[in-house]
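First the structure, in the form of C-alpha cells, and then the observations on it.
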Amino acid sequence: MHTRRLVWQCKGCGTQTSVTAGTVMHGTRQPLRLWFWAAYLMATHHPGISAVQLQRQLGISRHETAWMMLHKLRRAMAAPEREPLKDEIEADEFFLGGFEEDLKGGRQRGKKTLVGVAVEVRGRGSGRLRLHVLDDASGDSLGSFVSSTTAAGAVVHTDGWPGYLGLPKLGYQHRPRSQRAEPGEQLLPRAHRAVSNLKAWLHGTHRWASPEHLPAYLDEFVFRHNRRGTPHAAFQTLLGLSAHHEPATYRQIIDQAA
C-alpha cells in the first residue's frame, strides 16, 4: 500500500489506484465515512434530505460540499440498464414550476417544465415508477417517453390527449380514458398520486429545484419510490450503483446547468 491514504501502487509499473477510483467519490477529499453517512441518510430518511440538512447533521463546513455530495449521489441513482416497466401502466404528463399569471388552459406551460410520468399498475396499488423531462406534449415526445420506459406489448392507460394516439403503432395496447365520458372518476389515480407525492417532496424537502438540475431530483424520487419498502437495501444498492457511473467534478455539475 502506498503512503497516501486509500491509494495502492503497483510494484511493477508504479500505477496508482484507489478504492474510490471510477466512482462518484473519485478524487474526493472527504472521508469515506462521511460519504457512507450521506448515502445512508439519502437512501433511508423517509422525506429525503436537503443539502442544508446534510450539512448540519454531518457537521460539513461548507454548504457547497454538502450540495455536491448529494448531486454526485443522485447521478448514481439511475441504473445504466434499468428493466422496463411491464404488463400494465398509467402514463401522463404534468408541469412543474411555480404559479404564473395569464396562462389559459391546462396545457399552457409558460416557464414551467413538462415532465412525463409512467407507473406500473399493481392491483389497486402502484409498482415501479419512471419520470422524464419532456420537450413537449407531441406524439413524438410522448411516444419516445413510453418506448424508453415501458416494454412493448404492455397495456398503457392514458387520458384522451391526441399525443398518445400513436402508441398502438409502437406496439402497445392503448386504452385512453376521457373525463367527459367518465365524469367524477379519477382517470389515472396511480400516476396522479405519484405526481402529488413528487410535488410535496420537492416543496417539503428541497423547497425548489432549478429546471437545469430537475432531472437529477427526478432520478432521486424514482429511486426512493421504487425502493420505498426496503430502505436499507436501497442504501446498499446506491453504494453499488456508484461504481457504474462516470465520476463528475463540482465544476462539471455546475457547467451542466449553464
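Throughout, read-outs are computed from the coordinates displayed, never taken from laboratory work. From a predicted model like this one, the values you see are computed outputs, not experimental measurements. Please note: Cβ atoms are built from the backbone with ideal geometry, for glycine as well, and neighbour counts cover all protein chains shown.
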*May I ask you to compute the full-extension gain from Q236 to R193, defined as 0.36 nm times their residue separation minus their alpha-carbon distance, rounded to one decimal in nm?*
12.8 nm
*Determine, from the Cβ-Cβ distance of H63 and D87 and an R0 of 45 Å, the FRET efficiency 1/(1 + (r/R0)^6), rounded to the nearest 0.05.*
0.55
*Peptide ranges 131-137, 218-224 listed from the most packed, as the mean C-beta count within 10 angstrom indicates*: 218-224, 131-137
*asked:* Can you work out the Karplus-derived ³J(HN,Hα) for every residue in segment 205-220? Use 6.51 cos²θ - 1.76 cosθ + 1.60 with θ = phi - 60°, whole Hz, and x for glycine or proline.
replied: 9, 10, 6, 6, 10, 5, x, 5, 9, 4, x, 5, 5, 5, 4, 5
*Take the Cβ-Cβ distance between R33 and R207 as r, set R0 to 22 Å, and report the resulting FRET efficiency rounded to the nearest 0.05.*
0.20
